[in-house]
Amino acid sequence: PLGVLYGDATPGGIMNIVTKRADLGRDFTRLLLRADGEGSLRGAIDVNQRFGRRVGFRINGVWNEGKSWKDFLFNDTKAIHGATTFELTSTTRLRLEGE
């Protein structure tokens, strides 16, 4: 219980996860670089590429070295996610995702 007040703990609740889907309407690339006063560094990339009108691929990557004002508290993350969408008909889509 004291971890909620003094450590790296959350009090609980509902968790909602929504993944990014490949967009069949447009191509884009986004880059994010962030640093803060505690010494944290974060880099992220989000790339969406269409192949014709019915196939799209999206890849997301993140590298995070999170630091905190609390002693011995850090959040290091290295992750990648890929998503592919195939439009089989005007009302049917097949989606494949992986982390």
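The values are calculated or read from the model by the stated rules, or taken from the named source; none is laboratory data. No experiment lies behind these values; they were computed from the predicted model shown. Neighbour counts are summed over all protein chains in view; Cβ atoms, including those assigned to glycine, are modelled from backbone coordinates with ideal geometry. Heads up: the accessible areas ignore ligands, DNA and RNA and are worked out on the full protein's heavy atoms, side chains in. Shrake-Rupley method; radii C 1.70, N 1.55, O 1.52, S 1.80 Å.
Scan region 91-98 and tell me whether some residue there is in a strand (DSSP E or B), in contact with a His (Cβ under 8 Å, 6 or more places away or on another chain) and either surrounded by fewer than 12 Cβ atoms within 10 Å (Cβ to Cβ) or at pLDDT below 90 (or both).
Checking region 91-98: at least one residue is in a strand (DSSP E or B), in contact with a His (Cβ under 8 Å, 6 or more places away or on another chain) and either surrounded by fewer than 12 Cβ atoms within 10 Å (Cβ to Cβ) or at pLDDT below 90 (or both).
So which residues in region 1-18 are within 17 Å of residue 69 (Cβ to Cβ) and either modelled with pLDDT of 65 or more or loosely packed, with under 10 Cβ neighbours inside 10 Å (or both), if there are any at all?
The one that is within 17 Å of residue 69 (Cβ to Cβ) and either modelled with pLDDT of 65 or more or loosely packed, with under 10 Cβ neighbours inside 10 Å (or both): 5.
What number of residues within region 57-90 are surrounded by fewer than 13 Cβ atoms within 10 Å (Cβ to Cβ) and either of a type in the set (Gly, Ala, Ser) or in a strand (DSSP E or B) (or both)?
9
Residues to consider are 34, 21, 26, 54; find the one that is open to solvent by 90 Å² or more (accessible area, probe 1.4 Å) and touching a residue at least 40 places away in the same chain (Cβ under 8 Å).
21
Could you grab the pairs with beta carbons closer than 6 Å, sequence gap of 6+ or different chains, first residue in region 80-98 and within 12 Å of residue 59 (Cα to Cα), second one part of a loop (DSSP other than H, G, I, E, B) and of a type in the set (Lys, Arg)?
83/21
Going by what's in this entry, would residue 39 be described as modelled with pLDDT of 90 or more and either out of contact with any Pro (no Cβ under 8 Å at 6 or more places or on another chain) or of a type outside the set (D, E, K, R) (or both)?
So residue 39 fails the test.
Tell me which residues, restricted to region 37-48, are open to solvent by 70 Å² or more (accessible area, probe 1.4 Å) and out of contact with any Asp or Glu (no Cβ under 6 Å at 6 or more places or on another chain).
37, 38, 42, 45
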